[in-house]
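The values are calculated or read from the model by the stated rules, or taken from the named source; none is laboratory data. What you see is a predicted model; the values in this text were computed from it and never measured. Note: ideal-geometry Cβ built from the backbone for every residue, glycine included; neighbour counts use all protein chains shown. Just so you know, the surface numbers come from the protein's heavy atoms only, side chains and all, with ligands and any DNA or RNA stripped out. Shrake-Rupley method; radii C 1.70, N 1.55, O 1.52, S 1.80 Å.
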Amino acid sequence: MLMGIAAIAAFVSGPGPGNQIFRGISSLGSANTLNEVLSGTLGIVVPALPFDAGYVLIGRLTISRGIRG
């Protein structure tokens, strides 16, 4: 969730990993458009996966089995 918010922050001219995605979208028709969008997307997805796995692990360690059900 945090990584998604950071990516969307670029839409309102804030700093974040989404700048490369929006820069690629704004240059639609250019030769490097697809490369910029893909690299920006991977730059968000790759760090988001370990964060998500960490949150799942923390949840499994802190929530009792009866509540997890």
Qualifying position, being aliphatic (A, V, I, L, M) and not in a helix (DSSP H, G or I), among Ala31, Ala9: Ala31
Top-ranked residue in the range 4-24 [being more than 11 Å from Thr41 (Cβ to Cβ) and in contact (Cβ under 8 Å) with a residue 12 or more places away in the chain; ranked as farthest from the chain's Cα centre (by Cα)]: Arg23
In the range 9-51, how many residues are open to solvent by less than 60 Å² (accessible area, probe 1.4 Å) and in contact with a Gly (Cβ under 6 Å, 6 or more places away or on another chain)? 7
Quick one: how many residues across the range 52-69 are part of a loop (DSSP other than H, G, I, E, B) and either open to solvent by less than 50 Å² (accessible area, probe 1.4 Å) or hydrophobic (A, V, I, L, M, F, W, C) (or both)? 1
